[in-house]
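Only one structure is covered here, and it is reproduced in the block below.
The values are calculated or read from the model by the stated rules, or taken from the named source; none is laboratory data. Just so we're clear, the structure is a prediction, and the values are computed from it rather than from any experiment. Cβ atoms come from the backbone with ideal geometry, glycine included; neighbour counts cover every protein chain shown.
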Amino acid sequence: MNKLLAAILIVGIQTAFGQLIIKPINKSTSNERNRITKSNTINPASLPFWDDFSVSGDSPDGLRIWGTDTSSQWNAEASRDVYVNATLAINPPSYKVATFDGLNGNGGFHGADKGLADQLVSDTIDLQGKANVILSFYWQAGGNVEIPDEGDSLILQFYSPNIETNGGWQTVWSKDGGDIEADQDSVFTQVAQVVESQFLTQKFVFRFQSYGDLDGPFDAWHVDWIYLNDNRQNDTFHYLDRGLTGQLKPPFSPYQSLPINQYKLNQPQYSKQTVQAFNLDEQLQPAEYILVVRDLNTGSILDSLEYGNKPILEGNPDPFKLTNKRLIELDSIEFSNFPNLDSLVVLSEVYFESSDDSLLVGNIDLKINDTIRTQYLLHNYYAYDDGTAEYAVGTNVRGGQIAVRYLLEQTDTLTHVDIHFPNIDPHSFNSALELQIFKRLNEEPIRTQPISVINATTLNEFTRYELARPLILSDTFFLGYEQSKNEYIGFGFDRSNPDASQYIFENITGEWEQNSRLQGALMIRPVFSKKDSFVLGANPKELAFRVYPNPTKGLLKIEGVYQSITLMDFSGRVLFNQTQATVHDFSSLKGGLYLLTIHRKEGDQTIKIIKE
């Protein structure tokens, strides 16, 4: 994963003392790319050009993914610093946006000063002989991340070989952080930029660039729904696109995962989901949509709900300001054929039901943003995180304490704790911590146990700590730690679940305080099992496999005894079934995130695999 999926308001300063501190994660050792690389000038792309990033991975897709045209679209290497995500913007026009967040493609800093941070560069496009060409796009400043300051900027440039200055590039639109209007940090604004005649060549290229601080994720801009076409002189800049947007809230909210026995006790409380929708047309549109919940292991449907024309999606009167968001509240899921298993991977899918062939712009099929899929795990642990860390969060104070609140439906026995210690600079390997479990934060912990930090050696790897004695718990409890030195120790921090923020508590100055600054989930998980091996999105060190390299360019090695493997995408589609081998070759897959299930006699293990 280039930048790993979610939402955070970054207020902590890395040099601060006596508060929670957020730091980037070393996600790769690959070399930083050149700022600009060559575009495809041999076979330039044709019009129309469109992308809303709804089916992209963590960076823009190099090839077109709509309709039957699969020619080149983005200069993928030059655009790899841009982070495609569904969590950092507020109320985007469709699912996912392209975020200019000031971090490079490996999640690290560009440098220590101010300057060119991220860029999104198109491939070469043939505009020769075209007329009335307009490039339109939606943009937002800040969103769920910090608003750019004065002097920070987002610019749009066009390229023509006929321009002799600045390498052929000319700035045609720009926005300074000091000129952001009151609602432009929460509402998407559309820009329609005319492509003048000097750019109507066979080698046209456009690019967005962000300028700002290079030493952290402090200045964010978001861009979405980019559309370039000719003959737009009568364009109203309304579009017959009704799409799902944002995140599909977890059915077990605020948890991403929870013990299956706890879930069975109170299904209605944990089974409501919400999703947002936008209608980019000026006329109201009916919206028939369907929710389907599947057992990802078997493919069987656990529940399905159909909604006929409810709700009606109101039109958007002003095409240049997107204000007609509609929140869709889904009914509670009732698993009519709940399997009698000790673990269950659930795939939740919401999509518009439409046979309307008019939802097109040229040959662009806009229905690709009509579906959102998310998967969750019911097993034996609670998790507010989805198994993917965007940052590290911790403190640098001796005696500093952090705790996370959990709620049990019934009495259960805590046996292990899973913690993700990401790879950061400087590393904290072997540093001493005291694991702490509280019933009430204003009282002494009911259990403490010394542990040592074991930093992850693979992406999003968890370390499992077994309690010296199992601990019977009921109702509310707090799981956390206290550190013994004035050194920074970072825990994995997942930005994709801002609802988890309220369950984090910190005691840095001698008084417990509820977190109100950092939006996301701390990656520490209570486990209620005496024997176990299944953790979604992670690879506990006590398990019997080593899977590497991860991320992989195509070849994957698995050390350990197993019978076979299954590789699936996140829609549940099986891509490979292979028996045990020295090396497994997945080089034919496009880059993205996949689920690898390793089958053995003792049980299955499922982890996330990243194909670069």
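Remark: pairs (first residue in the stretch 93-106, modelled with pLDDT of 90 or more; second residue surrounded by 24 or more Cβ atoms within 10 Å (Cβ to Cβ) and of a type in the set (D, E, K, R); Cβ separation under 6 Å; 6+ apart in sequence or on different chains) = Pro93/Asp224; Ser94/Asp52; Val97/Asp224; Phe100/Asp118. When Arg464, Arg405, Arg447 are checked against the criterion of being basic (Lys, Arg), modelled with pLDDT under 95, in contact with a strand residue (DSSP E or B) (Cβ under 8 Å, 6 or more places away or on another chain) and within 18 Å of Arg525 (Cα to Cα), Arg464 stands alone in meeting it. The single condition among (1) part of a loop (DSSP other than H, G, I, E, B); (2) aromatic (Phe, Trp, Tyr); (3) touching a residue at least 40 places away in the same chain (Cβ under 8 Å) that Phe478 does not meet is (1). So in the stretch 489-527, with the set limited to residues that are surrounded by 23 or more Cβ atoms within 10 Å (Cβ to Cβ), out of contact with any helix residue (DSSP H, G or I) (no Cβ under 7 Å at 6 or more places or on another chain) and assigned to a loop (DSSP other than H, G, I, E, B), which one is modelled with the lowest pLDDT? Among those that are surrounded by 23 or more Cβ atoms within 10 Å (Cβ to Cβ), out of contact with any helix residue (DSSP H, G or I) (no Cβ under 7 Å at 6 or more places or on another chain) and assigned to a loop (DSSP other than H, G, I, E, B), it is Ser496. Scanning for something over 19 Å from the mean Cα position of the chain (by Cα), modelled with pLDDT under 85 and more than 22 Å from Ile312 (Cβ to Cβ), does the stretch 376-384 turn up at least one residue? Checked the stretch 376-384: no residue is over 19 Å from the mean Cα position of the chain (by Cα), modelled with pLDDT under 85 and more than 22 Å from Ile312 (Cβ to Cβ).
Could you tell me whether the stretch 33-43 includes any residue that is modelled with pLDDT of 75 or more and either acidic (Asp, Glu) or part of a loop (DSSP other than H, G, I, E, B) (or both)? Within the stretch 33-43, one or more residues are modelled with pLDDT of 75 or more and either acidic (Asp, Glu) or part of a loop (DSSP other than H, G, I, E, B) (or both).
On the given criteria, is Gly387 modelled with pLDDT under 95, at positive phi and within 23 Å of the chain's Cα centre (by Cα)?
Taking the combined requirement at face value, the residue satisfies it.
Residues in the stretch 283-308 that are assigned to a loop (DSSP other than H, G, I, E, B) and in contact with an Asp or Glu (Cβ under 6 Å, 6 or more places away or on another chain): Leu284, Glu288, Gly308. Those residues that are out of contact with any strand residue (DSSP E or B) (no Cβ under 6 Å at 6 or more places or on another chain), of a type outside the set (S, T, N, Q) and surrounded by 15 or more Cβ atoms within 10 Å (Cβ to Cβ), I need them from the stretch 419-438; list them, please. Scanning the stretch 419-438 gives Phe421, His427.
Quick grid of which residues meet (1) surrounded by fewer than 21 Cβ atoms within 10 Å (Cβ to Cβ); (2) under 17 Å from Leu327 (Cβ atoms); (3) of a type in the set (Ser, Thr, Tyr):
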site: Val275; (1), (2), (3): no, yes, no
site: Glu282; (1), (2), (3): yes, no, no
site: Asp303; (1), (2), (3): yes, no, no
site: Tyr307; (1), (2), (3): yes, yes, yes
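Report whether or not Glu482 is more than 22 Å from Leu407 (Cβ to Cβ) and at pLDDT 90 or above. So Glu482 fits the description; yes.
The residue that is surrounded by the fewest Cβ atoms within 10 Å (Cβ to Cβ), counting only those in the stretch 124-142 that are in contact with a Pro (Cβ under 8 Å, 6 or more places away or on another chain) and assigned to a loop (DSSP other than H, G, I, E, B), is Asp126.
Farther than 15 Å from Ile125 by Cβ, small (Gly, Ala, Ser) and either in contact with a Pro (Cβ under 9 Å, 6 or more places away or on another chain) or assigned by the TED database to the domain that holds Tyr289 (or both): is that true of Gly167 in this structure? So Gly167 does not fit the description; no. Taking the stretch 503-534 as the range and being in contact (Cβ under 8 Å) with a residue 40 or more places away in the chain, within 18 Å of Phe438 (Cα to Cα) and not hydrophobic (A, V, I, L, M, F, W, C) as the test, the residues that pass are Tyr503, Glu506, Asn507, Asn515, Arg525, Pro526.
Mind counting the residues in the stretch 454-475 that are among the basic types (Lys, Arg) and either in a loop (DSSP other than H, G, I, E, B) or within 11 Å of Ile419 (Cα to Cα) (or both)?
Final tally of qualifying residues: 1.
Being in contact with a strand residue (DSSP E or B) (Cβ under 8 Å, 6 or more places away or on another chain) and within 30 Å of Tyr384 (Cβ to Cβ) is a property that Thr189 lacks.
What are the residues in the stretch 85-101 that are crowded, with 24+ Cβ neighbours inside 10 Å and either in the same structural domain as Asn497 (by the TED database) or over 18 Å from Thr323 (Cβ atoms) (or both), if any?
Asn85, Thr87, Leu88, Tyr95, Lys96, Ala98, Thr99, Phe100, Asp101
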